[in-house]
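Here's the structure we're looking at; comments come further down.
The values are calculated or read from the model by the stated rules, or taken from the named source; none is laboratory data. Keep in mind that this is a model prediction, so the values were computed, not measured. Note: ideal-geometry Cβ built from the backbone for every residue, glycine included; neighbour counts use all protein chains shown.
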């Protein structure tokens with residue numbers, strides 16, 4: 001059956017081509033998956049059933065086996081970073097996260113003020129996950 005030319009082709013997950021896919025990171029199973037909607041700051045991981053945190057399209061997940069990089073990503077998210085462009089590269093190691101977070105504390109404060117419900121969802125999900133990485 002021919003598709004009507006005015007109808008955009010379906011995208012993975014059934015979303016229209018105008019919808020962007022956004023990454024969600026699961027720190028329990030060290031995986032990232034994409035969904036078309038950013039309506040929820042936290043979704044259930046399709047693999048382990050744990051919480052997955054919605055990040056920006058700039059996020060590039062580390063390899064599942066790179067535990068140190070996943071620890072760094074989790075630390076950044078715990079500080080409030082959802083992977084926006086910031087004018088400087090994100091830290092390369094976990095040891096650099098605290099200083100990076102201090103340099104961008106004003107920005108993170110403004111982001112938290114813009115989206116208090118989203119950050120409350122993220123903080124609740126993260127507080128339920130102590131020692132998340134397997």
- Query: Which members of segment 60-78 meet the condition of being over 20 Å from residue 109 (Cα atoms), touching a strand residue (DSSP E or B) at 6+ places or on another chain (Cβ under 9 Å) and either touching a residue at least 40 places away in the same chain (Cβ under 8 Å) or surrounded by 17 or more Cβ atoms within 10 Å (Cβ to Cβ) (or both)?
  - Reply: 61, 70
- Per-region count, segment 57-83, residues in a loop (DSSP other than H, G, I, E, B) and under 18 Å from residue 123 (Cβ atoms): 5
- Residue that is surrounded by the most Cβ atoms within 10 Å (Cβ to Cβ) [pool: residues in segment 36-53 that are in contact (Cβ under 8 Å) with a residue 40 or more places away in the chain and touching a helix residue (DSSP H, G or I) at 6+ places or on another chain (Cβ under 8 Å)]: 53
- Item | Extreme residue, farthest from residue 123 (Cα to Cα), among residues of segment 12-29 that are in a helix (DSSP H, G or I) and either at pLDDT 50 or above or touching a strand residue (DSSP E or B) at 6+ places or on another chain (Cβ under 9 Å) (or both) | 12
- Query: What number goes with the only condition from (1) surrounded by fewer than 17 Cβ atoms within 10 Å (Cβ to Cβ); (2) assigned to a helix (DSSP H, G or I); (3) in contact with a helix residue (DSSP H, G or I) (Cβ under 6 Å, 6 or more places away or on another chain) that residue 110 does not pass?
  - Reply: (3)
